[in-house]
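**Student:** Submitted below is the structure of interest, expressed as structure tokens.
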């Protein structure tokens, strides 16, 4: 009988250069125990959730952030409604301080509603926080985000960026699936998802194998880790991850970035060409799709060996190194073609 998912491998958190070299380049998730154990906010959270809330209030700018709430009977699981025509939570716009006050108040309830602020940009809602809690591992331009709530579960989903999640308060359990397991995860709509990212329709802790039989295969490839305050987890791009906040008060700070030059996550997106390809290529004949697959493999996914060597550098165009101005012209051309 299976003993459950394997443990995510750990990597020493004491050498930033080694992490950048051996973890970021490997394309595999790694637990970084104690990576942010020296953050002031971690020490304060260890003392008491009430002190953590007071600490956050010091920085609150008054800017509202997206907040969600689910009724107690859902036990904090963020998901679709029963007909997949909407979602099972209410949205609101509150300050981080207000969300924190709700979380602390509900921590005394036996069966509380679930409340959370998710992916709020810290520079906007908690200016000054990042200066006191620095992640020297990453470039200073990589913007931190706050995830604050009570016992919330975010079902299996993916992000297209490199991700480091740093646990500040409470414990979190992560269950990850490799990108290649997509066919066994029963992904919901690409353009209609509770958190904006494509999400599995399978409930990890109570899977319906009659409806989702291939999910057994995905479970065989899953890896998991439970993180305490001060610990961090590196999640490579496009790894599916299921996240459970396990305490009445939980806080995580995460960082997203593109590997190529640390590009802003709002600039480069793989979803754009994916959606474009679905619109333009999916309904072609099988031979035509295979032909296009060969082009994509050669120009995008292959080794790039031999692609441009025979073309003069000044005539490589989109295949060569483009300036910001040249990339802007290509984007403008694509935007025009998409609208016409």
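The values are calculated or read from the model by the stated rules, or taken from the named source; none is laboratory data. What you are looking at is a predicted structure, and each value in this text was computed from that prediction instead of being measured. Methodologically, a virtual Cβ is constructed for each residue, glycine included, from the backbone with ideal geometry; neighbour enumeration extends over all protein chains shown.
**Student:** Would you say residue 333 is free of Cβ contacts under 8 Å to residues at least 60 places away in the same chain, surrounded by 10 or more Cβ atoms within 10 Å (Cβ to Cβ), assigned to a helix (DSSP H, G or I) and under 27 Å from the mean Cα position of the chain (by Cα)?
**Tutor:** Judged against the criteria, residue 333 is not a match.
**Student:** Of everything in the stretch 161-202, what is within 17 Å of residue 246 (Cβ to Cβ) and surrounded by fewer than 17 Cβ atoms within 10 Å (Cβ to Cβ)? Give them in sequence order.
**Tutor:** 171, 173
**Student:** With respect to residue 41, is the statement that it is at negative phi, buried (at least 20 other Cβ atoms within 10 Å of the Cβ) and part of a loop (DSSP other than H, G, I, E, B) true?
**Tutor:** Here the answer is no, as residue 41 does not meet what is asked.
**Student:** Among the residues of the stretch 132-166, which ones are more than 14 Å from the chain's Cα centre (by Cα) and not in a loop (DSSP other than H, G, I, E, B)?
**Tutor:** If the condition is that a residue be more than 14 Å from the chain's Cα centre (by Cα) and not in a loop (DSSP other than H, G, I, E, B), then 132, 148, 149 are the ones that fit.
**Student:** If residue 35 satisfies every condition in (1) at pLDDT 95 or above; (2) surrounded by fewer than 17 Cβ atoms within 10 Å (Cβ to Cβ); (3) assigned to a loop (DSSP other than H, G, I, E, B) but one, which is the exception?
**Tutor:** Going through the list (1) at pLDDT 95 or above; (2) surrounded by fewer than 17 Cβ atoms within 10 Å (Cβ to Cβ); (3) assigned to a loop (DSSP other than H, G, I, E, B), residue 35 breaks only (2).
**Student:** Now for a separate question. In the stretch 67-100, how many residues are surrounded by fewer than 21 Cβ atoms within 10 Å (Cβ to Cβ), in a helix (DSSP H, G or I) and in contact with a helix residue (DSSP H, G or I) (Cβ under 7 Å, 6 or more places away or on another chain)?
**Tutor:** So the answer is 1.
**Student:** Any residue at all in the stretch 290-303 that's assigned to a helix (DSSP H, G or I) and in contact with a helix residue (DSSP H, G or I) (Cβ under 6 Å, 6 or more places away or on another chain)?
**Tutor:** Yes: one or more hits.
**Student:** Quick test of your reading of the structure: residue 311 fulfils all but one of (1) outside the structural domain of residue 102 (by TED's automatic domain parsing); (2) touching a residue at least 60 places away in the same chain (Cβ under 8 Å). Name the failing condition by number.
**Tutor:** (2)
**Student:** Looking at residue 20, is it surrounded by fewer than 16 Cβ atoms within 10 Å (Cβ to Cβ), out of contact with any helix residue (DSSP H, G or I) (no Cβ under 7 Å at 6 or more places or on another chain) and closer than 29 Å to residue 114 by Cα?
**Tutor:** Spelling it out, it is not the case that residue 20 is surrounded by fewer than 16 Cβ atoms within 10 Å (Cβ to Cβ), out of contact with any helix residue (DSSP H, G or I) (no Cβ under 7 Å at 6 or more places or on another chain) and closer than 29 Å to residue 114 by Cα.
**Student:** Mind checking whether some residue in the stretch 249-258 is surrounded by fewer than 20 Cβ atoms within 10 Å (Cβ to Cβ) and more than 26 Å from residue 5 (Cβ to Cβ)?
**Tutor:** yes
**Student:** Moving on to the next point. Spot the failing condition for residue 282; the list is (1) at pLDDT 90 or above; (2) surrounded by 10 or more Cβ atoms within 10 Å (Cβ to Cβ), and only one is missed.
**Tutor:** Among (1) at pLDDT 90 or above; (2) surrounded by 10 or more Cβ atoms within 10 Å (Cβ to Cβ), residue 282 violates only (2).
Residue-by-condition table, conditions (1) in a loop (DSSP other than H, G, I, E, B); (2) farther than 30 Å from residue 337 by Cβ; (3) at pLDDT 95 or above:
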{"residue": "219", "(1), (2), (3)": "no, yes, yes"}
{"residue": "226", "(1), (2), (3)": "no, yes, yes"}
{"residue": "234", "(1), (2), (3)": "no, yes, yes"}
{"residue": "238", "(1), (2), (3)": "yes, no, yes"}
{"residue": "252", "(1), (2), (3)": "no, yes, yes"}
{"residue": "261", "(1), (2), (3)": "no, no, no"}
{"residue": "273", "(1), (2), (3)": "no, no, no"}
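**Student:** Determine which single condition residue 84 fails, assuming it passes every other condition in (1) out of contact with any strand residue (DSSP E or B) (no Cβ under 7 Å at 6 or more places or on another chain); (2) without any contact (Cβ under 8 Å) to a residue 60 or more places away in the chain; (3) more than 15 Å from residue 169 (Cβ to Cβ).
**Tutor:** It is condition (2) that residue 84 fails.
**Student:** When the stretch 119-131 is examined, which residues are found to be touching a residue at least 40 places away in the same chain (Cβ under 8 Å) and either in a helix (DSSP H, G or I) or crowded, with 19+ Cβ neighbours inside 10 Å (or both)?
**Tutor:** Selection gives 120, 122, 124, 125, 126, 129.
**Student:** Another question about this same structure. Considering only the stretch 306-322, state which residues are under 32 Å from the mean Cα position of the chain (by Cα) and either within 18 Å of residue 274 (Cβ to Cβ) or not in a helix (DSSP H, G or I) (or both).
**Tutor:** Across the stretch 306-322, the qualifying residues are 320, 321, 322.
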